[in-house]
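The values are calculated or read from the model by the stated rules, or taken from the named source; none is laboratory data. Quantities reported herein were computed from a predicted structural model and do not represent experimental measurements. With ideal geometry, Cβ positions are generated from the backbone for all residues, glycine too; neighbour counts draw on all protein chains shown. Ligands, DNA and RNA are excluded from the accessible area calculation, which covers all protein heavy atoms including side chains. Shrake-Rupley method; radii C 1.70, N 1.55, O 1.52, S 1.80 Å.
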Amino acid sequence: MARDSPCLDSPGRGEHARGVLMTFLQSHLSLSLGAMLMLWVLGVRALSADPQSRKDLSTALGFLLAFLVLHQADSEAGPLLLPQARQMLRVAWMLTLCFGAIRAVLSFSVILLTLRSRTPIPKILRDVLDVSLSVLAVLVILKTQLEIDLTSLLATSALVSVVLGLAMQDTLGNLFAGLSLQLERPYQVGDWVTIKEVTGRVVQIAWRATRIETPRGESITLPNNVCSKEAVKNYSRGGQPVAVDLYVHAPYERAPNEVKAVVLEALEHVPLLLREPAPTCRVWGYEEAGIRYQVRYSVEEFGQAEWVTEEVYTRLWYGFRREGIDLTHPKARQPFASAPAPELPEEVIAEMLRQVDLFQVLKEEERARLRREMVPKRFAKGEHVIEQGDEADTFYLVGRGELSVRTRAGVEVSRLTRGDYFGEMSLLTGEPRTATVVALTDVVLLELERPVFARLFDAHPELAPKLSGMLAQRRTQLQAAMAASGESLEVTEEHHILGLLKNIFRLN
Ligand code: CMP
């Protein structure tokens, strides 16, 4: 007997609790509680920044407002109504109070938990709790006020249970799949995933389905039981970099190490491409189309991969073209094809040389020779033509486009356009590059090597002081810009520069 007593006690305690709840609901205390709850919800809503919580709190406010109106109507006009109508009015305000209070308390708990754990609480959990508590409230209120017992109705009617069970089979399957996804967490809201050939960012995990937004802006809804059955590729692993692979072919005539160097150079300074882990280029097979290379690089977030890949393909074209590496499939190559069209027509280069101040001292045949010695090179917008601190001695004349001369800290010192030249400092002094030169648009540059200048200085000694004068003037400007950004560049007098120049070119 003693063992049975708790079971006998339970319904009695339940009845008692329900009785207390009903007495409270029917008293004026519930009216004051509703009004206080409303004020509290208004305050929390004003302070909350989470859009979902604000939305939930607005719904709670709506319910609480409806409650106040209905309760007031019951107090004022209730005695004048038919007993059934008054009963319905009472059920209505009880339900609105319960729905409002449940929403408000849940939203507040979600805000507190999010603040503590710093991870968003899954919407599906909020929804399940909300629906469960609301159903409970409906069952209790219907039973106590209208004596309608839905639980026993459902339990006793086998037909209703079967029909409901069949109708809700899919929905319940999705709900449980959604709950298991929440517990297992193969992905969270905000992650980049591929599920069943759909790639995108998870924007919502609801009780029935997971919503994914693709990079094209499509919104795709995948039922939760599909997501829990399919293999899920998650690219967002706690802020770790995401590696991207692409493959290119280069001709068999070009040595793999030479091609790898060109590829890695092309990847330098691609925006959003991470330096760490460092990009790699590996030979990936010998195929009909040429030697296959795998290029691997990393980005911070999968959403950037598409943009970066496009930029990498673009820069590879420029890098390969500058080095004369043919990207055409061997079958598509014409047996007696002429060389690719020059980057700049000869007559344009000739006209430019005539106009450039530096070369005006040259005779026509000297200029013609210079034109033949110039190597046109094309650079893509954004590429770094010269990197501050590098050891090199090439000189460039701008044939087309615009470039920016910058300090290491990114302060712009000057812009260069058609007819301007740069790279003269390292060429003339043998020192490392003093600044970084970045292509602001696609540019065509005409490249000259040091031996050409040795010959020019021999033939025209007046060129050396002219060039060193320009160099000293630019250096002063560069020093000022560097000093402003906290960098330093050794002050070099013009006569010292001329000394270096004479030493390098063995001039008198
Ligand atoms: P160099 O040092 O070889 O490489 C960087 C180049 O930037 C440098 O040669 C100059 O040609 C160029 N440069 C430096 N300072 C200026 C400036 N103030 N105006 C224009 N070009 C500059």
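Would you work out if the range 11-156 is rounded, prolate or oblate? Take a ≥ b ≥ c from the square roots of the eigenvalues of the alpha-carbon gyration tensor; rounded if a/c is under 1.5, else prolate when a/b is larger than b/c, oblate otherwise. Before the final figure, lay out each step's value.
Working: a/c = 2.35, a/b = 1.44, b/c = 1.63.
Oblate, because a/c is 1.5 or more while a/b does not exceed b/c.
Percent relative contact order of the range 229-298, based on C-alpha pairs within less than 8 angstrom and at least six residues apart? It would help to have the intermediate numbers written out before the result.
Working: 87 pairs, mean separation 28.5, N = 70.
It rounds to 41 percent for the range 229-298.
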Review point. Carbon and sulfur together cover what percent of the accessible area of the range 178-234 at a 1.4 Å probe radius?
Key: 47
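What accessible area per residue comes out for the range 359-508, rounded to a whole number of Å², with a 1.4 Å probe?
Working: 7040 Å² over 150 residues.
Solvent-accessible surface per residue comes out at 47 Å².
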**Study point:** Among Leu115, Ala255, Ala35 - extreme Cα towards positive end, dipole of the chain, charges at beta-carbon
**Key:** Ala35
Exercise for review: Report, to the nearest 10°, how far helix 256-267 tilts away from the longest principal axis of the Cα atoms in the chain, using its own Cα long axis and a range of 0 to 90°.
Suggested key: 60
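Between the DSSP loop rule and a limit of at most 13 other Cβ atoms within 10 Å, which chymotrypsin sites (Phe, Trp or Tyr not before Pro) in the range 290-358 are left?
Working: sites: Tyr293, Tyr297, Phe302, Trp307, Tyr313, Trp317, Tyr318, Phe320, Phe336; in loops: Phe336.
Taking the range 290-358 and a limit of 13 other Cβ atoms within 10 Å, the loop chymotrypsin sites (Phe, Trp or Tyr not before Pro) found are Phe336.
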Exercise for review: Would you be so kind as to identify which of Trp93, Leu403, Ala46 lies farthest towards the positive end of the dipole of the chain, taking Lys and Arg as +1 and Asp and Glu as -1 on Cβ and the Cα centre as origin?
Suggested key: Trp93
Practice item. Determine the per residue accessible area of the range 11-156 with all protein chains present and a 1.4 angstrom probe, expressed in square angstrom. Key: 58
Revision key, fill the gap. The long-range amide H neighbours of Val385, using H built 1.01 Å from N in the peptide plane and a cut-off of under 5 Å, are Val437, Val438, Ala439
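Defining a contact as two alpha carbons under 8 Å apart and six or more residues distant in sequence, what relative contact order in percent does the chain show?
Numbers: 710 pairs, mean separation 37.7, N = 508.
After rounding, I find 7 percent.
About the Cα centre of the chain, how large is the charge dipole given +1 on each Lys and Arg Cβ and -1 on each Asp and Glu Cβ? Please answer in debye to the nearest 20. Provide the component values of the computation, followed by the final result.
Numbers: 56 positive and 61 negative charges, 262 e Å.
Dipole about the Cα centre, nearest 20: 1260 debye.
Need the full-extension length gain, Ser488 to Glu306, defined as separation in residues times 0.36 nm minus the C-alpha distance. One decimal, nm. Kindly include the intermediate steps, with their values, before the conclusion.
Numbers: separation 182, 0.36 × 182 = 65.52 nm, distance 3.89 nm.
The Ser488-Glu306 span can extend by a further 61.6 nm.
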Review point. Which percent of the accessible heavy-atom area of the range 313-409 goes to carbon and sulfur, probe 1.4 angstrom?
Key: 50
Exercise for review: Taking the Cβ of His249 as the centre, find all other residues whose Cβ is under 14 Å away and add up their charges (Lys, Arg: +1; Asp, Glu: -1).
Suggested key: +2
**Study point:** Principal-axis tilt of helix 169-184 within the chain, Cα atoms, nearest 10 degrees
**Key:** 60
Practice item. Taking the chain as the reference, fit the longest principal axis to its C-alpha atoms, fit the long axis of helix 123-141 to the helix C-alpha atoms, and give the angle between the two in degrees, 0 to 90, nearest 10. Key: 10
Point to revise | Exceeding the 19 Å Cα-Cα cut-off - candidates Lys123/Lys229; Lys196/Lys229; Lys363/Lys466 | key: Lys123/Lys229
Point to revise | Cleavage-rule hits (trypsin sites (Lys or Arg not before Pro)) in the range 232-322: DSSP loop, at most 11 neighbouring Cβ within 10 angstrom | key: Arg237, Arg275
Review point. For the range 219-284, what class follows from the C-alpha gyration tensor (a ≥ b ≥ c being the square roots of its eigenvalues): rounded when a/c is under 1.5, otherwise prolate if a/b is larger than b/c, else oblate?
Key: prolate
Check your understanding: Highest mean first, what order results for 475-485, 77-87 on Cβ atoms within 10 Å?
Key -> 475-485, 77-87
**Study point:** Filtered chymotrypsin sites (Phe, Trp or Tyr not before Pro), the range 412-508: DSSP coil and at most 10 other beta carbons within 10 Å
**Key:** none
Revision key, fill the gap. Exposed GluC sites (Glu not before Pro) being those in a DSSP loop with at most 12 other Cβ atoms within 10 Å, the longest stretch of the chain free of them is 1-146
Check your understanding: Which peptide among 63-70, 496-503 comes first, and what is the full order, when sorted by highest mean count of other Cβ atoms within 10 Å?
Key -> 63-70, 496-503
